[in-house]
Amino acid sequence: MQTLHNAAALRAAVSGWRAAGQTVALVPTMGNLHAGHYALVELARARGAGRVVVSLFVNPTQFGPGEDFERYPRTLAQDQAGLAGHGCDALFAPDVAAMYPFGPQRSVSIHVPHLTGVLEGAHRPGHFDGVATVVCKLLNLAQPDLAVFGQKDFQQLLVVQRMVRDLALPVRIVAAPTVRADDGLALSSRNQYLSPQERALAPRIHATLRQMREQLAQGQPRATVEQAAAAELASAGFAPDYVAIRRADDLTEPAEGQRAGLVALIAARLGATRLIDNMLLD
Ligand code: PAF
């Protein structure tokens, strides 16, 4: 596996593969890789990629003031070793200047309206502009046939799908199921911020999503299900940012009685750590 640090090297590698008729996949990450990321690489292969590029870039424009940009775990050597053992062909690890030649503050910025004003977008203003901008740049640099994103960041997946469709970017977006620990906690690089006590409590989020799914299937009103779940999480020691049941295609509020095409989403703080998770309710 090669590690590439600039756009020219990435373009040269990808155009060589494409000239040889190989399908190329991009898996965008911020590094500190775990089994969830390696599953994205494996899914890329399963969906026909002959070559897989993983990008590793802790993107400053998607972090707000006071968020964890500075302390976000940076583990390049460990990530290189892990990727080499999981069938990755190239790791693209640019620096900030390579991704933002005019500086992050002066960058062209991509705003995906509507989808980004709610849930994560409401609690992390500007976050999805940073995500859409860096993903668009990465897609332009790598020019992959397909790109894989985890469903754990459900709203991010919708934002990327919408951007790709609206800008007619020539790439297929593949959604990968969330990978969980045995106790149900969705794998995330941020889980390592949790204390042992918090880690023991964290699977409650997944358990709550399952409970919401059951209650909704039993016919309980959506608002009651949301409120009960938020209250339970709060009494267990979480500080929920939102507990919501939304339409899975555009995150708008469903009509009362709608039961198909829904997703339950939770974001909650546990101590200093903010956790998100979701569950499709069909
Ligand atoms: O999901 C992530 O790790 C990031 O938001 C992404 C898609 C790599 C963009 O920086």
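Just so you know, all these numbers are worked out from the coordinates, no wet-lab data involved. These numbers were taken from a predicted model, which means no experiment stands behind them. All Cβ positions, even for glycine, are placed from backbone atoms using ideal geometry, and neighbour counts span all protein chains on display.
Brief remarks on what is shown
- Distance (nanometres) between label positions extended 7 Å along Cα→Cβ at His111 and Ala255: 3.2 nm
- The C-alpha atoms of the chain define a longest principal axis, and helix 154-166 lies at about 50 degrees to it.
- 0 to 90° range, to nearest 10: angle between helix 35-46 axis and the chain longest Cα axis: 60 degrees
- If you look at the Cα atoms of the chain, you get an Rg and a Dmax of 19.1, 58 Å.
- Paramagnetic label zone (point 7 Å from Cα along Cα-to-C-beta, Gln192; backbone N under 20 Å) in the range 268-282: 270-276
- Choice from Leu169, Leu262, Leu146 with maximal GNM fluctuation in the chain (Cα, 10 Å cutoff): Leu169
- For Ala19 and Ala239, the FRET efficiency from 1/(1 + (r/R0)^6), where r spans their Cβ atoms and R0 equals 45 Å, is about 0.30.
- For the range 71-172, the relative contact order works out to 22 percent when only alpha carbon pairs closer than 8 Å and six or more residues apart are counted.
- Assuming charge only on the beta carbon of Lys and Arg (+1) and of Asp and Glu (-1), the dipole of the chain about its Cα centre is about 480 debye to the nearest 20.
- Helix 127-142 vs. the chain, principal-axis angle (Cα, 0 to 90°, nearest 10): 30 degrees
- For the peptides 222-233, 122-133, 106-117, the ranking by mean Cβ contacts within 10 Å, running from highest to lowest, is 122-133, 222-233, 106-117.
- With q set to 0.22, 0.23 Å⁻¹, the log10 of I(q)/I(0) for the range 137-201, from the Debye formula over equal scatterers at the Cα positions, is -0.91, -0.96.
- Debye log10 I(q)/I(0) at q = 0.16, 0.19 Å⁻¹ for the range 143-282, Cα point scatterers: -0.87, -1.12
- A viscosity of 0.890 mPa s and a temperature of 25 °C, combined with the Kirkwood radius over Cα pairs in Stokes-Einstein, give a translational diffusion coefficient for the range 92-190 of 167 µm²/s.
- The range 59-110 and the range 240-276 have their alpha-carbon centroids 28 Å apart.
- Computed from the C-beta positions of Ala228 and Leu280, the FRET efficiency with R₀ = 22 Å rounds to 0.65.
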